[in-house]
Amino acid sequence: MLYDGHENAGNKGVLKITTTQNESQSVTVHLCGQLTGEYVPELEKALDPESASRIALDMTNVTFVDRKAMEFLCGVKSRITIENVPSYVMRWIEQEFRCGSSQQK
C-alpha cells in the first residue's frame, strides 16, 4: 500500500507500507519513507495483532519519524518486534521510555 497522506499540497512525505507473511503465521510490516502521525491509523491496521502470532515492524527504509509516530512506536514496542531501527529513532524511544513523557499525554 502506498499512502501519500491527505490531499494536501506541499512537502508532505510519503510512506509505503508492505506486508509479508511466512508459513509460521509470522508477519513483517515493511516501511519505506517518512513515518508521520498521519500514517499511524494505517500502520495500526497493518500491525493488527489478530492477523498473526508474531508481528515485526521493519524500519530499514524509514527516513524520518515525527513525534506522534514516535509516541505510537513507544506504545507498540511491547507487543511487536521493531527491526532495523535508525539509531536516532532507537535513542528517542529509549529516552521516551526512561522519561515516560509519551504516556503523560
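Each reported figure results from applying straightforward, stated rules to the coordinates on display, with no laboratory input. Just so it is clear, the structure is predicted and the values come from calculations on it, not from any experiment.
Figures for the structure shown
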{"quantity": "Measure of compaction for the range 14-103 (Cα Rg per 2.2 N^0.38 Å)", "calculated": "1.03"}
{"quantity": "Rounded to 5, percent antiparallel among DSSP beta bridges of the range 14-103", "calculated": "35 percent"}
